[in-house]
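J.: My questions will all concern the structure given below.
The values are calculated or read from the model by the stated rules, or taken from the named source; none is laboratory data. Fair warning: this is a prediction, and the values are worked out from it, not measured in the lab. Cβ placement follows ideal geometry from the backbone for every residue including glycine, while neighbour counts extend to all protein chains displayed. For the accessible areas, the whole protein counts, side chains as well, though only heavy atoms, and no ligand, DNA or RNA atoms are used. Shrake-Rupley method; radii C 1.70, N 1.55, O 1.52, S 1.80 Å.
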Amino acid sequence: MSTSHENELMDLQTWLRAATGRLAEAGVPSPRADGEHLAGHLLHLGRGELVAAAVRGRGLDAGELKGLENLLVQREQRVPLQHLTGTAVFRSLDLSVGPGVFIPRPETEVVAGAAIDELLRVIAACSEAEAVAVDLCTGSGAIALAVAVEVPAATVLAVERDPMAVAWAQRNVTALAPRVVLSQGDVADRILDEWSGRIDVVVANPPYIPQAMRPIDPEVHLHDPDLALYGGGADGLRVPAQVVSAAQRLLRPGGLLVMEHGDAQGAGARRLCRAQIWDDVDTLQDLTGRDRVLVARRTRDEVPR
Ligand SMILES: C[S@@+](CC[C@H](N)C(=O)[O-])C[C@H]1O[C@@H](n2cnc3c(N)ncnc32)[C@H](O)[C@@H]1O
């Protein structure tokens, strides 16, 4: 009499051990976790369910093994885990990502958090007023969507230059928060002109890597779009400077700019905020004490835009 075990060629635990070894050999920084994510993705199991299934001795049939091998080979070649699973976690969201769009990073969750805190403060301070946020350089829509989901009372606008990224952002907007108003545009142009002087929070994670500094990880330099990485100019601050100029025009008096930058760019980013336009120019640090986020408040005085 045949049993279901006859079709099983290897058990999950053995596969996970072998996958961890192969991914470590390929230089993947978190080999066990990546192996678990790939297996969980293919077998449609959450992380806890996967670990439990492995402990209980779940077997793998030929079809499952073939699918897992296909994913493992790509991950060994340093295709990003998120491209293989099709999703990236950002705050409370599962975003769709893939080739042609920047994969949102955990450090950017702090940037979104600062924008969210400010919007909640604005809404609490004047209950009748509408709070409006703009995410410049939105990529997959990560920051805009986190803001929209966590601050349901806010109007959220998002701008992105790259048509491929816009397509990913549109997919995420449709799935997660259709009220986000997404548009294709270049921060160097006079985008969102109808909103000039009316925005409460401008938030951005623009490209900021200097041209000569190629990121080490193959997942980044081979798979994140160049337009998402390199900020332009020797210091990488050309696009960030355009974001600051756009924020200067878009923000209402007293509105807040929150912008991510590289850990060596704190002073350079602060210098982008001219003293007569900006108050309270400051830098937020990450958990390891490195400069990562520019915050600046547009002066409450009326100044020419
Ligand atoms: C570092 S990625 C950040 C994406 C997203 N905000 C996030 O945090 O995951 C920078 C994004 O800015 C876009 N971008 C680059 N230059 C731009 C420009 N001049 N105007 C608008 N978007 C631009 C890129 O296409 C990319 O999607």
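J.: For the chain, return all DSSP H helices satisfying: extent of Cα atoms along own axis at least 24 Å; mean Kyte-Doolittle hydropathy at least 1.0.
T.: In the chain, the long hydrophobic H runs are 108-125.
J.: I would also like to ask the following. Just to confirm, what accessible area per residue do you get for the chain at 1.4 Å probe, in whole Å²?
T.: About 47 Å² of surface per residue is accessible.
J.: Counting other C-beta atoms within 10 Å, and keeping those with at most 12, which DSSP coil GluC sites (Glu not before Pro) do you find in the range 107-215?
T.: Glu128, Glu130
J.: If the convex hull of the alpha-carbon atoms of the range 13-83 is projected onto planes in all directions, what is the mean projected area in square nanometres?
T.: Taking the Cα atoms of the range 13-83, their convex hull projects to 4.2 nm² on average.
J.: With a point put 7 Å past each Cα toward its Cβ, work out how far Arg290 is from Val181 in nm, to one decimal.
T.: Between Arg290 and Val181, the label points sit 3.7 nm apart.
J.: Then there's this: What's the extension gain from Asp189 to Ala52 if we count 0.36 nm per residue and subtract their Cα-Cα distance?
T.: Full extension of this stretch gives 44.0 nm more.
J.: Taking θ = phi - 60°, what integer Hz values does the Karplus form 6.51 cos²θ - 1.76 cosθ + 1.60 yield along the range 184-196, in sequence order, with x for Gly and Pro?
T.: 8, x, 10, 4, 6, 8, 7, 6, 6, 4, 5, 9, 3
J.: Taking the Cβ of Gly67 as the center, what net charge do the other residues with Cβ under 14 Å away carry, scoring Lys and Arg +1 and Asp and Glu -1?
T.: It works out to a net charge of -1.
J.: Per-residue HN-Hα couplings for the range 251-262, Karplus 6.51 cos²θ - 1.76 cosθ + 1.60 at θ = phi - 60°, whole Hz, x for Gly and Pro?
T.: Karplus-based 3J(HN,Hα) across the range 251-262 equals 5, 6, x, x, x, 10, 9, 10, 9, 6, 8, x Hz.
J.: What ranking do 242-248, 177-183, 45-51, 199-205 get when scored by the average of other Cβ atoms within 10 Å per residue, highest first?
T.: Those peptides, ordered most packed to least, come out 199-205, 242-248, 177-183, 45-51.
J.: Tell me the mean residue ellipticity at 222 nm calculated for the chain from its helices only (DSSP H runs of n ≥ 4, each -39500 (n - 2.57), averaged over every residue, nearest 500).
T.: Calculated from helices alone, the mean residue ellipticity at 222 nm is -12500 deg cm²/dmol.
J.: Same structure, new question: Let me check I have the definition right: for the chain, take the eigenvalues of the Cα gyration tensor, multiply each by 5, take square roots. What are those semi-axes in whole Å, largest first?
T.: 42, 21, 16
J.: Which sequence of Thr87, Thr20 reflects their accessible areas, 1.4 Å probe, from the largest down?
T.: Ranked from most to least accessible, the order is Thr87, Thr20.
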